[in-house]
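Read the structure below first, then the notes.
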Amino acid sequence: MVPEPLRPLRSNALPSAFCVVVAERRLLKNLAYHLLGSVDAAEHAVQTTYTAWYTMPDHKQDGVDSPFTWLVGMLVQICIGLLESSPTQAAGHNAARVL
């Protein structure tokens with residue numbers, strides 16, 4: 001059996017798409033961290049945001065003009081919800097900002 005020759009990877013296929021996703025996730029996590037003041041809470045908020053996006057029906061995703069803008073908006077809503085549900089975390093975060 002003769003091995004099938006390997007096809008060269010397109011230079012702009014997977015690596016650039018992967019880099020975009022990684023950069024997007026990093027920006028979302030940084031934003032969440034600045035809003036929440038906790039790495040764990042930020043990770044939770046980003047994970048919840050992506051869960052909301054990927055469980056959204058296709059026809060609704062197709063109606064979103066800018067997925068990144070939608071992700072940022074959802075992330076901010078989730079962060080606000082987390083801060084409102086945990087006043088001690090919100091108070092501690094605001095105190096840390098003042099110092």
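The values are calculated or read from the model by the stated rules, or taken from the named source; none is laboratory data. In this text the structure is predicted, and so the values were computed from the model without any measurement. Virtual Cβ from ideal backbone geometry, glycine too; neighbours counted across all protein chains shown.
Just give me the residues in region 32-59 being within 9 Å of the chain's Cα centre (by Cα) and more than 13 Å from LEU82 (Cβ to Cβ), in sequence order. Step through it out loud before you land on a result.
Keep residues of region 32-59 that are within 9 Å of the chain's Cα centre (by Cα), which gives 32, 43, 45-50.
If the condition is that a residue be within 9 Å of the chain's Cα centre (by Cα) and more than 13 Å from LEU82 (Cβ to Cβ), then TYR50 is the only one that fits.
Quick check on region 9-48: of everything there that is among the charged types (D, E, K, R) and either modelled with pLDDT of 95 or more or in a helix (DSSP H, G or I) (or both), which residue is surrounded by the fewest Cβ atoms within 10 Å (Cβ to Cβ)?
Of all residues in region 9-48, those among the charged types (D, E, K, R) come to 10, 24-26, 29, 40, 43.
Now narrow it down to the ones that are either modelled with pLDDT of 95 or more or in a helix (DSSP H, G or I) (or both): 24-26, 29, 40, 43.
Numbers: GLU24: 16, ARG25: 15, ARG26: 11, LYS29: 18, ASP40: 9, GLU43: 14.
Residue satisfying both the conditions and the ranking: ASP40.
Could you run through region 49-60 and say how many residues are surrounded by 13 or more Cβ atoms within 10 Å (Cβ to Cβ) and either outside any helix (DSSP H, G or I) or of a type outside the set (Ser, Thr, Tyr) (or both)? Can you show your working first?
Going residue by residue through region 49-60, those that are surrounded by 13 or more Cβ atoms within 10 Å (Cβ to Cβ) are 49-50, 52-53, 56.
Subset that is either outside any helix (DSSP H, G or I) or of a type outside the set (Ser, Thr, Tyr) (or both): 52-53, 56.
Total satisfying the criteria: 3.
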Practice item. Under 7 Å between Cβ atoms, at least 6 apart or on separate chains: pull out the pairs that start in region 65-82 with a residue that is touching a residue at least 12 places away in the same chain (Cβ under 8 Å) and farther than 14 Å from ARG25 by Cα and end on any residue that is part of a helix (DSSP H, G or I) and hydrophobic (A, V, I, L, M, F, W, C). Key: ILE78/ALA45; CYS79/ALA32; CYS79/LEU35; CYS79/LEU36; CYS79/ALA45; LEU82/LEU36; LEU82/ALA41; LEU82/ALA45
